[in-house]
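*Asks:* Input: one structure, supplied below.
The values are calculated or read from the model by the stated rules, or taken from the named source; none is laboratory data. On a predicted model such as this, the values are computed, not experimentally measured, just so you know. All Cβ positions, even for glycine, are placed from backbone atoms using ideal geometry, and neighbour counts span all protein chains on display.
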Amino acid sequence: MLWLFALIAGVLFGLYYGLAALGLNLIFGVMRMVNLAHGDVIMLGGFAAVLLFDHFGVNPLITVLLVIPPSLLVGYLTYYLLGRRVQRSRDPEMMSLVMFFGVSQVIEAVAVIAFGNNEASITSAVFGTRPFSIAGQGVPGAWLVSAGVGLVALVLLFLYLYRTSLGRATRAIMSSPDEARAVGVNPDRISALTFGIGVGLAAIAGILSLFMIGGTTPSEGVDLTVTAFAVIVLGGLGSPMGTFLGGIVFGLALMFTQTYAPVWSGFAPFAILLVIMLLRPTGLLGRTVRSV
Amino acid sequence: MPDQVDKCLEVRGLGAGYGSLQVLWDFDLEIGAEESVVVLGPNGAGKSTLLKALLGLLPARTGSISFFGRRIEGLRTSQRVRAGIAYMSEVGIFPELSVEENLLMGGYGLPRARLRRRIEELCQLFPEVARTRRGPAWKLSGGQRKMVGVAKALVADPRLLVLDEPSAGLSPVYVSNVVEALARTRREAGPALLVVEQNMKFLAVAQRVYVIEGGRLRFQGTVPELEADDSLRRAYFGLQGA
Amino acid sequence: MLIPRTRTVGLAALSALLTVGLAACGAASTTASSGAPKDIVIGTLYSGSGSFANSSLPEFQGLKFWISQENAGGGVYVKAFNKKIPIKLVALNDQSSTTTATTEYEQLVTQDNINIFVPDFGSVLTLPAVTIAQEHHMLLFDQTATGSPLFTPGNQYIVLCDLPLSAIWPDPLAHFILAQHISRVAILYGANDFDATQAATVKSVLAQGGVTPVYYQAVPTATTSYGTLLHDIAATNPQAVLELGYASNDIPFLQAVQQGGYHFGMVATAFPGQEFTLIENAVGKAGLSYTYTYGVPPYIKFNNVSEGLGTNAFIAKFGHGNIANVSFENVAGYNTGLIIQAALGHATKFTQLGMRAALFALSGHFTTLDGAFKLNSEGGQVGELLPLAQLFPTATGNEIKIVYPSASADHAPVYPAP
Ligand SMILES: Nc1ncnc2c1ncn2[C@@H]1O[C@H](COP(=O)(O)OP(=O)(O)O)[C@@H](O)[C@H]1O
Ligand SMILES: [Mg+2]
């Protein structure tokens, strides 16, 4: 039953990839900025978990909660210090690439100084070494924990976006920033909050990446940003639900190729991305192409 | 100064534009409390720009804007909205939100109970909106969109309702519907009304008319005065034969 | 040993452009009137940052240690002039970027008047130096780039100093499998020259013993999730599972073995021997216990040497007596110096091909703390073999012990793993 395991693994990894990409899409949707430092934030989340575990024995699941307040704060301040300036420039999309590329480089360089150039991780044993049985397949506990955290984050985000006034205002800005301002929404406040949430989601994904992709290292940020970007394009820019769908498609593509043609497994998810882009340029759940 | 307070809006010497392009020049406009005014002008005349400057979506480069005697040209959009100006843009709605959520956004920042009450009231006033209330806004027809847009703008119970080309993209039947709906709000002792338009139909709700051309004020007066002006009549009524 | 990771490609070049940092440690020297140069100029690159830094910097340290040792004694002995000449080092920082490295290699050979050309760590950063060395007729003292494609019959200007060609790395590993009568072998390897040549070697040695792998698959070098692959491997019911990758593959692989609760009689990965502390910190003690890896210096010891310090002396001097302070890369960098020293000390003519001839004459008769130095006709290293090591749990962590071949073993293998 190789296919059944690939299916289960694909969905579980998909939830992880969805979580890892969610913040990038949220920030893009609200601010039209591509946060090229997204992967570096994921990396920092991973190191936070490693350091807290190594020095204080903090369980990574506790770290998931611990990183939320500082992430919100850092994201909030980053928006007011950098993001707002970028948005007010002539060409915010391009400026955001340049600015956050720089931020990404700085984070990586500082991380090298702080943590060294090495791969770091937490032993998988913290989530047990006895796999759980799902549909007769032995699935590592760490995967279930990661996917579970991803699902909880997704549900909370959706409750926020669809059930609260701030969340509705966030979606209103994603729909049309001018229209949102015209009904009295303060876009700076919503943007700063969204930036904080995006940073927090990335940091949480970073903690889980220790168990899903084995570890973290200061130089991995760029690759993670690329993967996250592929996932959000796949699912549709500006569509949080699409991001999870994109993550699952990405995860399934990876796990099925690992099972049936391992040597192509690095390439297949991106091949699927290309095919979907050709068939449906807006991504799986993307709306009509915007002309902003 | 009762005279001042009677005036809903007083715009003096307003200028605005985009980057190095100035679009609106030295524009004057007055609206009395509960008065309704139409600004007519051809495509590209600067009508939308005028409204954006009024709302603060574009900064005013010159001039002043007074709203019930209070200078507002330095305020943020959200503050102007809270002061009582509601605006329907050319798009008018959030297509990605449901109709209900559009109405909720129209009253963004209002206390929850009051917001609910206002939405119920407006659904009474606009049965067409009530019918589509649960659905997504992107599914609405052009006419329904404008209705929802007007209703959304009215949720906050504004003192001035500003509409950007409510007739754009509508069939003549729908234009009449929108005009009728606007007339309905007028009967309820509604807000002062500022409509920018290319379409003569809206003169039906107008007490006074302004004409804007090339970003400058070309004419101001009553509808009969406009009809009496030969060149303007040819420009604005001549084409409207049918 | 070469690419620790090849994941970061696209932006690395741009990053290098944005922050080109040059660290020239001394200017070029000029030749003295007697014909003997005032000093011997060694030109090299190192990665001060980026994905190769964690291997490149310790290797660079080892080389600098050798230079300081020689200069403290008045310089390196140069036979062609029958005297000691001080060493000058020109070292540039390539920041792990091949683009930057290419430019800087050109600069070394065209502008810095170097006498000895030493590339940066690993295949990725060594590759651009190979053609440049050949074009400019400079002998390349290749430190740790071991992929067979680097060595071609037409090219006289390369010698591999510190590791055997990767094709022969797994020779003892494969023979161990046959010796244990293991018949069900799964091999998962990275789709790159370094790992593919190893996999091919294992496969062909096993074939000689009549064993065909039950699983034999390549995965992209960037692979970091191994759970599904392991599940599929386990489905083939193997006794031995070999994962041939880089350290950045070994860590997630060993994590996945633990996560999935898999228990195989034998698990072998390539890098725990070379990056022991790093990998043990990442995967935990239990994740490494009883696994196998390539044994490398300083865990294999050579105290009876014909040039330089022996293993124990090196640990004493460089590592202040503690083996934990000495990495394989430190040994490799120092050993590069010893090979240079041998070339200068035996060449009768102070020319690039003169040094090459001297090294070929020494080949097979020469031992350092890195093992027996032996070249094939293309300059590839075929001595310095890597025995098979196994990791045994102790109270504090794991210990690396050589278990095969028996002649050099300091511990009996434990198979199957408990
Ligand atoms: N965002 C913008 N950037 C630059 N120029 C604009 C922008 N919006 C409108 N304009 C220009 O300003 C002028 C007036 O536009 P607008 O106010 O939209 O006219 P109207 O609403 O009367 O059709 C036009 O020439 C138009 O090209
Ligand atoms: Mg307009």
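*Asks:* Any idea which of B:GLU100, B:GLU180 is more than 25 Å from A:ILE173 (Cα to Cα) and either acidic (Asp, Glu) or within 16 Å of ligand 2 (Cβ to nearest atom) (or both)? Can you show your working first?
*Replies:* On the way: B:GLU100 fails: more than 25 Å from A:ILE173 (Cα to Cα).
From the options B:GLU100, B:GLU180, the qualifying one is B:GLU180.
*Asks:* So which residues in the stretch A:83-110 are within 12 Å of another protein chain (Cβ to nearest Cβ) and of a type in the set (Ser, Thr, Tyr), if there are any at all?
*Replies:* Once the filter is applied, which keeps residues that are within 12 Å of another protein chain (Cβ to nearest Cβ) and of a type in the set (Ser, Thr, Tyr), the stretch A:83-110 yields only A:SER104.
*Asks:* Determine whether C:VAL267 is touching a residue at least 12 places away in the same chain (Cβ under 8 Å) and either part of a strand (DSSP E or B) or closer than 30 Å to C:ASN237 by Cβ (or both).
*Replies:* Considered against the rule, which asks whether it is touching a residue at least 12 places away in the same chain (Cβ under 8 Å) and either part of a strand (DSSP E or B) or closer than 30 Å to C:ASN237 by Cβ (or both), C:VAL267 comes out as yes.
*Asks:* Those residues that are out of contact with any Ser or Thr (no Cβ under 8 Å at 6 or more places or on another chain), in a helix (DSSP H, G or I) and at the interface with another protein chain (Cβ under 7 Å from one of its Cβ atoms), I need them from the stretch A:127-164; list them, please.
*Replies:* If the condition is that a residue be out of contact with any Ser or Thr (no Cβ under 8 Å at 6 or more places or on another chain), in a helix (DSSP H, G or I) and at the interface with another protein chain (Cβ under 7 Å from one of its Cβ atoms), then A:TRP143 is the only one that fits.
*Asks:* Scanning for something more than 16 Å from ligand 1 (Cβ to nearest atom) and in contact with a Ser or Thr (Cβ under 6 Å, 6 or more places away or on another chain), does the stretch B:98-117 turn up at least one residue?
*Replies:* So the first thing to find is which residues in the stretch B:98-117 are more than 16 Å from ligand 1 (Cβ to nearest atom), and the list is B:98-117.
Filter once more, keeping what is in contact with a Ser or Thr (Cβ under 6 Å, 6 or more places away or on another chain): B:99.
Checking the stretch B:98-117: at least one residue is more than 16 Å from ligand 1 (Cβ to nearest atom) and in contact with a Ser or Thr (Cβ under 6 Å, 6 or more places away or on another chain).
*Asks:* Those residues that are aliphatic (A, V, I, L, M) and within 14 Å of chain C (Cβ to nearest Cβ), I need them from the stretch A:206-227; list them, please. Talk me through it step by step, then tell me what you get.
*Replies:* Kept after step one, since they are aliphatic (A, V, I, L, M), are these residues of the stretch A:206-227: A:207-208, A:210, A:212-213, A:222, A:224, A:226.
Of everything in the stretch A:206-227, those that are aliphatic (A, V, I, L, M) and within 14 Å of chain C (Cβ to nearest Cβ) turn out to be A:LEU208, A:LEU210, A:MET212, A:ILE213, A:VAL222, A:LEU224, A:VAL226.
*Asks:* State the number of residues belonging to the stretch C:369-414 that are within 18 Å of C:TYR294 (Cβ to Cβ) and in a strand (DSSP E or B).
*Replies:* 15
*Asks:* If I ask for residues that are over 16 Å from C:LEU173 (Cβ atoms), crowded, with 17+ Cβ neighbours inside 10 Å and polar (S, T, N, Q), which ones from the stretch C:382-409 would you list?
*Replies:* C:ASN398
*Asks:* A further question on this structure: Check B:LEU182, B:LEU160 and return the single one that is closer than 20 Å to A:ALA180 by Cβ and either of a type in the set (Asp, Glu) or buried (at least 20 other Cβ atoms within 10 Å of the Cβ) (or both).
*Replies:* Values: B:LEU182 fails: closer than 20 Å to A:ALA180 by Cβ.
Exactly one residue qualifies, and that residue is B:LEU160.
*Asks:* Yes or no: the stretch B:148-157 includes at least one residue that is more than 16 Å from ligand 1 (Cβ to nearest atom), surrounded by fewer than 22 Cβ atoms within 10 Å (Cβ to Cβ), part of a loop (DSSP other than H, G, I, E, B) and within 14 Å of chain A (Cβ to nearest Cβ).
*Replies:* Yes: the stretch B:148-157 contains one or more residues that are more than 16 Å from ligand 1 (Cβ to nearest atom), surrounded by fewer than 22 Cβ atoms within 10 Å (Cβ to Cβ), part of a loop (DSSP other than H, G, I, E, B) and within 14 Å of chain A (Cβ to nearest Cβ).
*Asks:* Further, regarding this structure: Of the residues in the stretch B:65-105, how many are within 7 Å of chain A (Cβ to nearest Cβ) and of a type in the set (S, T, N, Q)?
*Replies:* So in the stretch B:65-105, the residues within 7 Å of chain A (Cβ to nearest Cβ) come out as B:77-78, B:81-82, B:87, B:89, B:91, B:94-97, B:101, B:104-105.
Cutting the leftovers down to of a type in the set (S, T, N, Q) gives us B:77-78, B:89.
Total satisfying the criteria: 3.
*Asks:* Mind checking which residues of the stretch B:106-130 are assigned to a helix (DSSP H, G or I) and either within 14 Å of chain A (Cβ to nearest Cβ) or in contact with a Cys (Cβ under 9 Å, 6 or more places away or on another chain) (or both)? Give the derivation first.
*Replies:* Keep residues of the stretch B:106-130 that are assigned to a helix (DSSP H, G or I), which gives B:106, B:112-125, B:127-130.
B:GLY106, B:ARG112, B:ALA113, B:ARG114, B:LEU115, B:ARG116, B:ARG118, B:ILE119, B:VAL129, B:ALA130 - these are the residues of the stretch B:106-130 that are assigned to a helix (DSSP H, G or I) and either within 14 Å of chain A (Cβ to nearest Cβ) or in contact with a Cys (Cβ under 9 Å, 6 or more places away or on another chain) (or both).
*Asks:* Could you grab me the full set of residues in the stretch A:166-176 that are crowded, with 16+ Cβ neighbours inside 10 Å and assigned to a helix (DSSP H, G or I)? Spell out the reasoning first.
*Replies:* Let us first name the residues in the stretch A:166-176 that are crowded, with 16+ Cβ neighbours inside 10 Å, namely A:167-176.
Result: A:GLY167, A:ARG168, A:ALA169, A:THR170, A:ARG171, A:ALA172, A:ILE173, A:MET174, A:SER175.
*Asks:* Is it the case that some residue within the stretch A:171-184 is more than 9 Å from chain B (Cβ to nearest Cβ), out of contact with any strand residue (DSSP E or B) (no Cβ under 9 Å at 6 or more places or on another chain) and over 20 Å from A:GLY83 (Cβ atoms)? Steps first, please.
*Replies:* Let us first name the residues in the stretch A:171-184 that are more than 9 Å from chain B (Cβ to nearest Cβ), namely A:173, A:177.
Pick out the ones that are also out of contact with any strand residue (DSSP E or B) (no Cβ under 9 Å at 6 or more places or on another chain) and you get A:173, A:177.
Subset that is over 20 Å from A:GLY83 (Cβ atoms): none.
Among the residues of the stretch A:171-184, not one is more than 9 Å from chain B (Cβ to nearest Cβ), out of contact with any strand residue (DSSP E or B) (no Cβ under 9 Å at 6 or more places or on another chain) and over 20 Å from A:GLY83 (Cβ atoms), which makes the answer no.
*Asks:* Given the residues B:PRO59, B:PRO42, which is the only one that is closer than 13 Å to B:ILE212 by Cβ and more than 14 Å from the chain's Cα centre (by Cα)?
*Replies:* Values: B:PRO59 fails: closer than 13 Å to B:ILE212 by Cβ.
Being closer than 13 Å to B:ILE212 by Cβ and more than 14 Å from the chain's Cα centre (by Cα) holds for just one of B:PRO59, B:PRO42, which is B:PRO42.
*Asks:* Here's a follow-up. Need the failing condition index for C:VAL326 against (1) out of contact with any strand residue (DSSP E or B) (no Cβ under 9 Å at 6 or more places or on another chain); (2) within 10 Å of chain A (Cβ to nearest Cβ), just the number.
*Replies:* So the condition that C:VAL326 fails would be (2).
*Asks:* Sticking with this structure for a sec: Condition first: of a type in the set (Val, Ile, Thr) and farther than 14 Å from A:ALA111 by Cβ. Now tell me which residues in the stretch A:185-225 satisfy that. Lay out the reasoning, then the answer.
*Replies:* Taking the stretch A:185-225 as the starting set, the residues that turn out to be of a type in the set (Val, Ile, Thr) are A:185, A:190, A:194, A:197, A:199, A:204, A:207, A:213, A:216-217, A:222, A:225.
Those that are of a type in the set (Val, Ile, Thr) and farther than 14 Å from A:ALA111 by Cβ: A:VAL185, A:ILE190, A:THR194, A:ILE197, A:VAL199, A:ILE204, A:ILE207, A:ILE213, A:THR225.
*Asks:* Can you say whether C:THR201 is within 14 Å of chain A (Cβ to nearest Cβ) and either touching a residue at least 24 places away in the same chain (Cβ under 8 Å) or out of contact with any Asp or Glu (no Cβ under 6 Å at 6 or more places or on another chain) (or both), as far as the supplied structure shows? Before you say what the answer is, go through the steps one by one.
*Replies:* Numbers: within 14 Å of chain A (Cβ to nearest Cβ): no; either touching a residue at least 24 places away in the same chain (Cβ under 8 Å) or out of contact with any Asp or Glu (no Cβ under 6 Å at 6 or more places or on another chain) (or both): yes.
So C:THR201 fails the test.
*Asks:* Run A:SER124 past the list (1) over 30 Å from A:ILE8 (Cβ atoms); (2) modelled with pLDDT under 85 and report the number of the one that doesn't hold.
*Replies:* Here A:SER124 meets the rest and fails (1).
*Asks:* Scan the stretch B:81-94 and report the pairs whose first residue is closer than 19 Å to B:GLY190 by Cβ and among the hydroxyl-bearing types (Ser, Thr, Tyr) and whose second residue is more than 12 Å from ligand 2 (Cβ to nearest atom) and not in a strand (DSSP E or B), with Cβ atoms within less than 6 Å and a gap of 6+ or a chain change.
*Replies:* B:TYR87/A:ALA182; B:TYR87/B:LEU55
*Asks:* Would you be able to tell me the number of residues in the stretch B:19-48 that are part of a strand (DSSP E or B) and more than 8 Å from ligand 1 (Cβ to nearest atom)? Step through it out loud before you land on a result.
*Replies:* Of all residues in the stretch B:19-48, those part of a strand (DSSP E or B) come to B:21-32, B:36-40.
Those left that are additionally more than 8 Å from ligand 1 (Cβ to nearest atom): B:22, B:25-32, B:36-40.
Result for the stretch B:19-48: 14.
*Asks:* Is the stretch C:278-286 home to any residue that is in a loop (DSSP other than H, G, I, E, B) and closer than 23 Å to A:PRO269 by Cα?
*Replies:* From the stretch C:278-286, those in a loop (DSSP other than H, G, I, E, B) are C:284; that's our starting set.
Filter once more, so that each one left must be closer than 23 Å to A:PRO269 by Cα: none.
Within the stretch C:278-286 (the criterion being in a loop (DSSP other than H, G, I, E, B) and closer than 23 Å to A:PRO269 by Cα), the answer is no, since none of the residues qualifies.
*Asks:* Being touching a helix residue (DSSP H, G or I) at 6+ places or on another chain (Cβ under 7 Å), within 16 Å of ligand 2 (Cβ to nearest atom) and outside any strand (DSSP E or B) is the filter here, so list the residues in the stretch B:158-174 that pass it.
*Replies:* B:PRO166, B:SER167, B:GLY169, B:LEU170
*Asks:* Sticking with this structure for a sec: Just the residues that are under 28 Å from C:ASN54 (Cα atoms) and at the interface with chain A (Cβ under 7 Å from one of its Cβ atoms), please, taken from the stretch C:230-255.
*Replies:* C:ALA247, C:SER248, C:ILE251, C:PRO252, C:GLN255
*Asks:* On the basis of being more than 14 Å from every other protein chain (Cβ to nearest Cβ), within 13 Å of ligand 1 (Cβ to nearest atom), among the hydrophobic types (A, V, I, L, M, F, W, C) and touching a helix residue (DSSP H, G or I) at 6+ places or on another chain (Cβ under 8 Å), does B:VAL196 make the cut?
*Replies:* Details: more than 14 Å from every other protein chain (Cβ to nearest Cβ): yes; within 13 Å of ligand 1 (Cβ to nearest atom): yes; among the hydrophobic types (A, V, I, L, M, F, W, C): yes; touching a helix residue (DSSP H, G or I) at 6+ places or on another chain (Cβ under 8 Å): yes.
When the stated conditions are applied, B:VAL196 passes them.
*Asks:* Among the listed residues B:LEU51, B:LEU57, which satisfies the condition of being within 13 Å of ligand 1 (Cβ to nearest atom), part of a loop (DSSP other than H, G, I, E, B), touching an Asp or Glu at 6+ places or on another chain (Cβ under 9 Å) and within 14 Å of chain A (Cβ to nearest Cβ)? Give the derivation first.
*Replies:* Working: B:LEU51 fails: part of a loop (DSSP other than H, G, I, E, B).
Being within 13 Å of ligand 1 (Cβ to nearest atom), part of a loop (DSSP other than H, G, I, E, B), touching an Asp or Glu at 6+ places or on another chain (Cβ under 9 Å) and within 14 Å of chain A (Cβ to nearest Cβ) holds for just one of B:LEU51, B:LEU57, which is B:LEU57.
*Asks:* Check the stretch B:59-72 and report whether any residue there is in contact with a Phe, Trp or Tyr (Cβ under 9 Å, 6 or more places away or on another chain), modelled with pLDDT under 95 and among the small types (Gly, Ala, Ser). Reasoning before the result, please.
*Replies:* Of the stretch B:59-72, the ones in contact with a Phe, Trp or Tyr (Cβ under 9 Å, 6 or more places away or on another chain) are B:62-63.
Among the residues that remain, those that are also modelled with pLDDT under 95 are: none.
Within the stretch B:59-72 (the criterion being in contact with a Phe, Trp or Tyr (Cβ under 9 Å, 6 or more places away or on another chain), modelled with pLDDT under 95 and among the small types (Gly, Ala, Ser)), the answer is no, since none of the residues qualifies.
*Asks:* On the basis of being within 16 Å of ligand 1 (Cβ to nearest atom), surrounded by 19 or more Cβ atoms within 10 Å (Cβ to Cβ), charged (D, E, K, R) and under 28 Å from B:ALA33 (Cα atoms), does B:GLU90 make the cut?
*Replies:* Numbers: within 16 Å of ligand 1 (Cβ to nearest atom): yes; surrounded by 19 or more Cβ atoms within 10 Å (Cβ to Cβ): no; charged (D, E, K, R): yes; under 28 Å from B:ALA33 (Cα atoms): yes.
Judged against the criteria, B:GLU90 is not a match.
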